[in-house]
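Novice: Could you have a look at this structure, given as structure tokens, before my questions?
The values are calculated or read from the model by the stated rules, or taken from the named source; none is laboratory data. Quantities reported herein were computed from a predicted structural model and do not represent experimental measurements. Positions of Cβ are generated from backbone atoms using ideal geometry, with glycine treated the same way; all protein chains shown enter the neighbour counts. Accessible surface is based on the protein model in full, side chains and every heavy atom, while ligands, DNA and RNA are left aside. Shrake-Rupley method; radii C 1.70, N 1.55, O 1.52, S 1.80 Å.
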Amino acid sequence: MEWKLELVPIPVSDVERAKRFYSEQVGFAIDLDIRLDDGGRIVQLTPPGSGCSIVLGAGGGVTPVRPGSVQGVQLVVPDVVAARGELLARGVPVGPVQHVENGALADGPGGAWNSFVYFNDPDGNGWAVQQGPTAPAAKG
């Protein structure tokens, strides 16, 4: 049986501001933007090339979690330096390229699966961008 992660709720205080951030600055595609009868709103966005989307919402039924409380959502890219450059060019405050060394973060790139940059959305939800290997890993 396959288990696919399809949607991650991201709690935000201002859906329109978050929609602009994730679409215009981070580069996610807007899949859905609907208003609910109770005055709530749901916006679904998907990172380029991803099978998993995020949902931003206000009003009942989206998530009871406090805006800014989601930390460690991770995106994987083939080139973290290029991804950092794209984010900076779009005005996203993103940290330097770092890697894990001796159990702590150190500046500069590491090997495959060990190069990261970090950024937060306007509410403080924390994201990691990790560099994956350039060739798909063999399954077996």
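Novice: Condition first: open to solvent by 80 Å² or more (accessible area, probe 1.4 Å) and in contact (Cβ under 8 Å) with a residue 12 or more places away in the chain. Now tell me which residues in the range 18-29 satisfy that.
Specialist: Result: Glu24, single match.
Novice: Okay, moving on. Gln71 passes all but one of (1) open to solvent by 20 Å² or more (accessible area, probe 1.4 Å); (2) modelled with pLDDT under 95; (3) within 22 Å of Glu6 (Cβ to Cβ); which number fails?
Specialist: Of (1) open to solvent by 20 Å² or more (accessible area, probe 1.4 Å); (2) modelled with pLDDT under 95; (3) within 22 Å of Glu6 (Cβ to Cβ), only one is false for Gln71: (2).
Novice: For the range 32-56, how many residues meet the condition of being in contact (Cβ under 8 Å) with a residue 24 or more places away in the chain and touching a Cys at 6+ places or on another chain (Cβ under 9 Å)?
Specialist: Qualifying residue count for the region: 0.
Novice: Would you be able to say whether some residue in the range 58-70 is under 15 Å from the mean Cα position of the chain (by Cα) and not in a loop (DSSP other than H, G, I, E, B)?
Specialist: Looking for residues that are under 15 Å from the mean Cα position of the chain (by Cα) and not in a loop (DSSP other than H, G, I, E, B), one finds none in the range 58-70, hence no.
Novice: Going by the conditions given, is Gly39 farther than 27 Å from Glu86 by Cβ and of a type outside the set (D, E, K, R)?
Specialist: yes
Novice: Provide a single number: the residues in the range 44-68 that are within 27 Å of Gly132 (Cβ to Cβ) and modelled with pLDDT under 90.
Specialist: Final tally of qualifying residues: 0.
Novice: Restricting attention to the range 59-74, does a residue exist that is without any contact (Cβ under 8 Å) to a residue 40 or more places away in the chain, under 30 Å from Ala112 (Cα atoms), small (Gly, Ala, Ser) and touching a strand residue (DSSP E or B) at 6+ places or on another chain (Cβ under 9 Å)?
Specialist: No: the range 59-74 contains no residue that is without any contact (Cβ under 8 Å) to a residue 40 or more places away in the chain, under 30 Å from Ala112 (Cα atoms), small (Gly, Ala, Ser) and touching a strand residue (DSSP E or B) at 6+ places or on another chain (Cβ under 9 Å).
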